[in-house]
Each structure stands twice: as C-alpha cells, then as structure tokens.
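The values are calculated or read from the model by the stated rules, or taken from the named source; none is laboratory data. In this text the structure is predicted, and so the values were computed from the model without any measurement. Positions of Cβ are generated from backbone atoms using ideal geometry, with glycine treated the same way; all protein chains shown enter the neighbour counts. Ligands, DNA and RNA are excluded from the accessible area calculation, which covers all protein heavy atoms including side chains. Shrake-Rupley method; radii C 1.70, N 1.55, O 1.52, S 1.80 Å.
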Amino acid sequence: MESFVSRSGIRVTVRPLSKRDVPLMVDLFHHLSPESLYHRFHVPLDHLSDVEVKRRVRKLAQVDQVNQVALIALVDGKEGRPTAIAVARAHRLPGSTEAEAAVVVRDDFQNQGIGLHLLRRLVNAAVAVGITTFKGYIQAENWHMLHLLRKIGLQYTQYIEHAETYVLIQLPAAPLDDVAEPAEARPVAVAAPG
C-alpha cells in the first residue's frame with residue numbers, strides 16, 4: 001500500500017484490489033458518467049440493474065495478482081471511510097507475457113494525475129510478474145487515455161481499426177522511476193492491422 005498527493009492536494013492511497021473491495025467498486029461504478037463507462041467497457045452500461053452491476057464487479061474483483069493484476073485508488077470519504085476513485089487492471093492473455101490493460105478514474109477526480117500514477121503502479125506490478133506488453137483498446141475520442149499514454153513515456157505502437165484504436169505498449173524491464181517525470185512518448189508506429 002502506498003499514498004501520494006493528487007494535483008489538487010488530495011491524499012490518495014493505492015493498493016492491490018481484492019474481492020473485499022466489491023462494495024467500493026460498486027460505488028465507483030455508480031459515480032462514473034455514461035461516457036466514462038463507455039470508454040472503459042466499450043459498450044453502454046449506464047442502464048444496468050444493481051444486481052447486474054454487483055455480478056460484474058464481483059467478477060472484476062477476482063484477481064490473483066499474477067494473471068489478473070489490479071490496483072484500486074482510494075480517498076477518505078464520508079466519516080473517514082475509504083471511497084474508491086479509480087481502478088487499473090491488467091489481464092494476462094493465456095500462456096502469454098501480454099496483458100490487456102485498462103484504467104478508469106471517477107469523473108470528479110480526472111485531470112489530477114491519478115490515472116498516470118495508477119498506470120505507473122500497474123506497469124510496475126505487471127513487470128514484477130513477468131508481463132512484458134500491455135494491449136489496450138481505446139475509442140478514438142477518448143483523448144484522456146491517449147494523453148495518458150503520451151505522459152507515461154513508454155514506447156507504444158498504435159493500430160487503428162474503425163472508430164477504435166488499440167495500442168501495444170512495451171513495458172520496461174525494471175520498475176518505472178517515480179521521481180523523474182518521463183518525457184512524453186509518441187507512437188513508434190501507427191499502422192492498420194494486417
């Protein structure tokens with residue numbers, strides 16, 4: 001578990017996600033705008049019943065921190081209880097060192113450096129368990145995530161298909177340095193899949 005201070009001065013705690021976090025994740029889900037839900041899951045989900053939200057969140061909370069690496073970002077909420085504001089996860093593709101990765105930050109906490117910090121922590125956790133590449137699907141209009149990719153400073157190849165982009169991000173062999181702000185990365189290549 002570690003803490004950092006967001007750009008707006010809020011103390012944020014980051015720790016591995018576990019199944020005990022289901023209530024926190026349900027609350028996070030209900031605090032995401034329809035746009036943020038769509039950018040994260042690539043389908044409209046703002047119409048789900050509470051039962052369906054809980055079912056999906058329970059599934060997302062089943063992580064072993066080897067093949068499914070996930071982190072949760074928390075702040076002190078009402079009465080000092082933790083409130084989930086972001087989740088980052090990487091799901092290793094079977095028999096591979098490649099993992100699909102995703103980050104979601106609650107709308108009212110976006111643009112505060114939380115997604116960048118969480119993505120760095122996810123990279124480090126993934127590298128520690130032998131993951132070498134992240135694959136991420138991003139809608140073309142999701143400029144938050146495209147900006148985040150440039151800010152983290154890792155080389156990536158960008159592929160464009162229809163209205164969606166996917167990127168392959170080469171992870172470093174060693175953990176990312178927290179002190180130095182990385183230079184903004186640019187795609188190594190932009191290609192149509194073939």
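Details
- Residues that are modelled with pLDDT of 75 or more and either part of a helix (DSSP H, G or I) or of a type in the set (A, V, I, L, M) (or both), drawn from region 139-172: His147, Leu148, Leu149, Arg150, Lys151, Ile152, Leu154, Ile160, Val167, Leu168, Ile169, Leu171
- Near pairs, Cβ below 7 angstrom, 6+ apart or cross-chain, from region 87-108 (over 12 Å from Ala126 (Cβ atoms)) to any residue that is assigned to a loop (DSSP other than H, G, I, E, B) and open to solvent by 50 Å² or more (accessible area, probe 1.4 Å): Arg106/His31
- Extreme residue, surrounded by the most Cβ atoms within 10 Å (Cβ to Cβ), among residues of region 98-138 that are part of a loop (DSSP other than H, G, I, E, B) and on the phi < 0 side of the Ramachandran plot: Ile131
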